[in-house]
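The values are calculated or read from the model by the stated rules, or taken from the named source; none is laboratory data. Only a predicted model underlies this, so the values are computations on that prediction, with no experimental measurement involved. For neighbour counting, all protein chains shown are included, and Cβ atoms are generated from backbone atoms with ideal geometry for every residue, glycine included.
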Amino acid sequence: MIAEVLGSFVSILLLLAAMVVRPARATCPEPTRMWYVEGIPRSGVFTCKRTPTGHENDSPERPGRITSRIYCTGGSLPIVVDFRTVGCQRR
């Protein structure tokens with residue numbers, strides 16, 4: 001419960017900061033590879049989720065997700081660079 005509230009609070013702060021700064025690249029937190037990018041649509045809004053725990057078939061989701069946004073300009077499109085990083089790329 002606390003992780004969800006904290007994640008929501010951090011998401012709100014990041015979205016507000018992104019409106020001012022307008023970043024073209026972002027990275028999920030990396031305390032021992034516990035976060036990954038869920039994916040990124042053309043809107044640039046992405047979600048960092050915590051990695052599941054346990055075995056492959058029955059691993060429960062850990063609580064916690066952080067949502068933010070990147071801004072791609074000049075015809076570039078948002079892409080997932082690696083499992084933790086999103087950025088913009090021109091075609």
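Observations on the structure shown:
- Of the residues making up the range 61-87, those that are over 18 Å from GLY7 (Cβ atoms) and under 14 Å from the mean Cα position of the chain (by Cα) are ILE70, TYR71, PRO78, ILE79, VAL80, VAL81, ASP82, PHE83, THR85, GLY87.
- Candidate set from the range 39-59 (those that are β-branched (Val, Ile, Thr) and at pLDDT below 85); member that is nearest to the chain's Cα centre (by Cα): THR51
- Of all residues in the range 72-90, those that are among the aromatic types (Phe, Trp, Tyr) have Cβ atoms under 8 Å from Cβ atoms of residues that are assigned to a strand (DSSP E or B), 6 or more apart or on another chain, in PHE83/TYR36; PHE83/VAL37.
- Every residue from the range 6-38 that is modelled with pLDDT of 85 or more, outside any helix (DSSP H, G or I) and out of contact with any strand residue (DSSP E or B) (no Cβ under 7 Å at 6 or more places or on another chain): ARG22, PRO23
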